[in-house]
1. Give the residue that is modelled with the lowest pLDDT, with candidates limited to residues of the stretch 86-112 that are surrounded by fewer than 14 Cβ atoms within 10 Å (Cβ to Cβ) and not in a loop (DSSP other than H, G, I, E, B).
2. Confirm whether I27 is farther than 30 Å from S138 by Cα, without any contact (Cβ under 8 Å) to a residue 24 or more places away in the chain, surrounded by 13 or more Cβ atoms within 10 Å (Cβ to Cβ) and out of contact with any Lys or Arg (no Cβ under 8 Å at 6 or more places or on another chain).
3. Of the residues that make up the stretch 49-70, is at least one modelled with pLDDT under 95, touching a Leu at 6+ places or on another chain (Cβ under 6 Å) and not acidic (D, E)?
4. Hey, among N83, N72, which residue is surrounded by 12 or more Cβ atoms within 10 Å (Cβ to Cβ), farther than 18 Å from I134 by Cα and touching a Ser or Thr at 6+ places or on another chain (Cβ under 9 Å)?
5. Considering the stretch 54-77 alone, what residues qualify as being part of a loop (DSSP other than H, G, I, E, B) and in contact (Cβ under 8 Å) with a residue 12 or more places away in the chain?
Amino acid sequence: MDDIDLQILEMLKANGRITSSEISKAIHLSVPAVTERIRKLEKNGVIDQFTVKLNRKAIGYNFVVFIFVQLNGSAKTEQFRKNITQSPLVLECHHISGEYDYLLKVGLPDLSEMESFITHTLKANHDVVRSNTIFILSTLKEE
């Protein structure tokens, strides 16, 4: 990757729907050259996927929380992973090092859903030893 590839990536990060033509004008490169560079970035795994960033509040997720989760051993780890990753409320799930085993980012329509999520999704048959929930007050940067 060179500086031109990095410029292309920054433009795509800012607007995934930007055209090769618009990029070519901004970085002074031909449209076929831009298209070929994007194709190579995809082929080499630098670009994983093109996606849409949703406005969570517009789709009903008015609250975002981070939940640290500690499991009791590994007997039910696969079941936990499967159930958590299938929940539409779980926006992200990370296996982490340290005191806890997982960090979840969860979007909720309202606070009343918090108890239901913890009881019926998080702790249901997963051998959760403990969890710690952090409520997001505001977000300054998110990618």
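1. Out of the qualifying residues, it is S112.
2. yes
3. yes
4. Values: N72 fails: touching a Ser or Thr at 6+ places or on another chain (Cβ under 9 Å).
Exactly one residue qualifies, and that residue is N83.
5. G60, Y61, N62, N72, G73, A75, K76
The values are calculated or read from the model by the stated rules, or taken from the named source; none is laboratory data. Note that the structure is predicted; figures quoted are calculated from it, not measured. Backbone-built Cβ (ideal geometry, glycine too); neighbour counts: all protein chains shown.
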